[in-house]
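Down below is the structure, laid out as structure tokens.
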Amino acid sequence: MAKIKAIRGMNDILPEQTPWWQFLEESTQSVLSSYGYQEIRTPIVEQTDLFKRSIGEVTDIVEKEMYTFADRNDESLTLRPEGTASCVRACEEHGLLFNQVQRLWYAGPMFRYERPQKGRYRQFHQIGVETFGMQGPDIDAELILIGARLWKKLGVDQAVSLQLNSLGSSVARQAYKEDLVAFLSKHVDELDADSRRRLQSNPLRILDSKDPKTQALLHQAPDFHAYLDDESRQHFQQLCEYLDAAGIPYVINPRLVRGLDYYGKTVFEWVTDRLGAQGTVCAGGRYDGLVEQLGGRATPAVGFALGVERLILLLESEAGLAAERLQQADIYLLPLGAEASKAAMQLAEGLRNETGLRVLLGCGGGSFKSQMKRADKSGAEIALLLGEDELSQQRVTAKPLRSGEEQQAISWQALSSYLNNRFKS
RNA sequence: GUGGGCGUAGCUCAGUUGGCAGAGCUCCGGAUUGUGAUUCCGGCGGUCGUGGGUUCAAGCCCCAUCGUCCACCCCA
């Protein structure tokens, strides 16, 4: 019988890895909480239409990357490919956007049917941050400051840089798109195949093309910044002033175009050159039109999402997080024989009550030698030996595992204070 | 969806012009009956990804297929 394996592109995160996940999650949560952001949790499955209407019908995500299936009642459901749509839906559904301001975050798995590669998986994790009801560039700047603070906290601030652009109003964007298509259509034969296709599907993406001939052609194309409406221009300039004042370096990248249809005005990406092809570690922008598009009252909104897997790859490459053996426990209580084992379980409970130390109890028997090996492997500082002699005298033998110190006998009564004393640092 | 690299023990990998399936690490046991981590000895562990084909003989050659990694597309 064939072995059952995990689904392609969906990874198990093993005990060796989870400390980095916890580190990232805890760091993010504490940073967000220090800015007054609140967590929201939404289901990972939604009606398919939610994503079609928010992300855009003709995007790659909707056309070929969604995990879509029929529920038992034939309703079309989809595993969320991103978090913003669900967040907006939930806020709207529960009246969180009516005459108020929201600063929210969420974390969890997203699903896209793509070919896996470094930093890209079919089930991947994002931590998303969304704000509603604030139209000024100050909130855009705040989101960027949150990112900057987080990179510092994680120790990757030297590895990432900020790219910034404005996509303008939808009217300006539409006008530009038409002129760009008109221009490029006259030079179809000079375009690479991918860009030719994008002429239909997503013309702005052509600006991003890696093809040198296409890039050369783009020099003569209409300049997007000339199309920017006054309001967007001003918004963008003010954002830059906020960032200058905060001392946040950035690069204005006029070719930065986000993939999802709902973005307008501010867009930004935190990128790194240390992860191969998947350089975007965090990205976001303003989506003032989305709430209304999903049936709510017009509400300004900005947000971003960071890719957890990519950030963890970066942590590993930067902070040298891979290295050391993980210390699983502080003390390893090692009973010998059935009677000792019963007493040891009680003793361990008592130590957990009285010391707050991590106490690993040797279970499952085995020879003394193999028990000692397990004690060593656990990374514990001290092994507490409990055999027949110790049992009859209500003592343990405390053996330091990480130094040359002599072992010594300690009475059960004095054990907690001995350990508390030893581990207070 | 497209292109390339790689699939041999739990892990990391050798395997010669086609000729008995290997090492290191891990794990278990012993040297040392209650002292780990160092050392020495022994042991457990294999559908050589899968299915066909060529051959007296295939881990090795051919075809197909699956998986994985990297890249394209696209995206966090």
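Give the number of residues within region A:368-425 that are farther than 24 Å from A:Ala338 by Cβ and more than 47 Å from the chain's Cα centre (by Cα).
So the count comes out to 1.
Out of (1) in a loop (DSSP other than H, G, I, E, B); (2) on the phi < 0 side of the Ramachandran plot; (3) over 15 Å from the mean Cα position of the chain (by Cα), what's the single condition that is false for A:Gln278?
So A:Gln278 meets the others, but not (3).
Note down all Cβ pairs under 6 Å where the first residue falls in region A:379-392 and is free of Cβ contacts under 8 Å to residues at least 60 places away in the same chain, the second is within 7 Å of RNA strand B (Cβ to nearest atom) and aliphatic (A, V, I, L, M), and they're at least six residues apart or on different chains.
A:Ala383/A:Ala375; A:Ala383/A:Leu401; A:Gly387/A:Leu336
To keep it simple, each residue is scored yes or no on (1) away from RNA strand B (no atom under 16 Å from the Cβ); (2) among the charged types (D, E, K, R); (3) surrounded by fewer than 19 Cβ atoms within 10 Å (Cβ to Cβ); (4) free of Cβ contacts under 8 Å to residues at least 12 places away in the same chain.
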| site | (1), (2), (3), (4) |
| --- | --- |
| A:Ala221 | yes, no, yes, no |
| A:Asp230 | yes, yes, yes, yes |
| A:Gln238 | yes, no, yes, no |
| A:Pro249 | yes, no, yes, no |
| A:Asp261 | no, yes, no, no |
| A:Gly264 | no, no, no, no |
| A:Val281 | no, no, no, no |
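What number of residues in region A:367-392 are surrounded by fewer than 17 Cβ atoms within 10 Å (Cβ to Cβ) and either among the small types (Gly, Ala, Ser) or more than 10 Å from RNA strand B (Cβ to nearest atom) (or both)?
4
Only one of (1) touching a strand residue (DSSP E or B) at 6+ places or on another chain (Cβ under 7 Å); (2) crowded, with 20+ Cβ neighbours inside 10 Å fails for A:Ile312. Which number is that?
Of everything listed in (1) touching a strand residue (DSSP E or B) at 6+ places or on another chain (Cβ under 7 Å); (2) crowded, with 20+ Cβ neighbours inside 10 Å, A:Ile312 misses just condition (1).
Of the numbered conditions (1) closer than 18 Å to A:Thr280 by Cα; (2) loosely packed, with under 13 Cβ neighbours inside 10 Å, A:Ala193 satisfies every one except a single condition; which is it?
Failed condition: (1).
Would you say A:Gln200 is surrounded by fewer than 18 Cβ atoms within 10 Å (Cβ to Cβ), away from RNA strand B (no atom under 16 Å from the Cβ), in a helix (DSSP H, G or I) and not acidic (Asp, Glu)?
no
Here is a list: A:Leu32, A:Leu24, A:Leu14. Which entry is within 30 Å of A:Lys152 (Cα to Cα) and either small (Gly, Ala, Ser) or at pLDDT below 90 (or both)?
Checking each option against the conditions leaves just A:Leu14.
Look at A:Leu184 and say whether it is surrounded by 13 or more Cβ atoms within 10 Å (Cβ to Cβ), closer than 16 Å to A:Pro254 by Cα and away from RNA strand B (no atom under 11 Å from the Cβ).
It is false that A:Leu184 is surrounded by 13 or more Cβ atoms within 10 Å (Cβ to Cβ), closer than 16 Å to A:Pro254 by Cα and away from RNA strand B (no atom under 11 Å from the Cβ).
Given the conditions (1) over 19 Å from A:Glu39 (Cα atoms); (2) away from RNA strand B (no atom under 14 Å from the Cβ), which single one is not true for A:Met134?
(1)
Any idea which residue in region A:106-154 is modelled with the highest pLDDT, counting only those that are basic (Lys, Arg) and in a helix (DSSP H, G or I)?
Only one residue tops the list, namely A:Arg149.
Could you check, for region A:338-359, whether at least one of its residues is exposed (fewer than 12 other Cβ atoms within 10 Å of the Cβ) and within 10 Å of RNA strand B (Cβ to nearest atom)?
No, region A:338-359 contains no residue that is exposed (fewer than 12 other Cβ atoms within 10 Å of the Cβ) and within 10 Å of RNA strand B (Cβ to nearest atom).
Are there strands (runs of 3 or more DSSP E) fully within region A:1-83 with at least 2 residues that are within 15 Å of RNA strand B (Cβ to nearest atom)? List them.
A:67-70
The values are calculated or read from the model by the stated rules, or taken from the named source; none is laboratory data. Remember, it's a predicted structure, so these values are computed and weren't measured experimentally. Backbone-built Cβ (ideal geometry, glycine too); neighbour counts: all protein chains shown.
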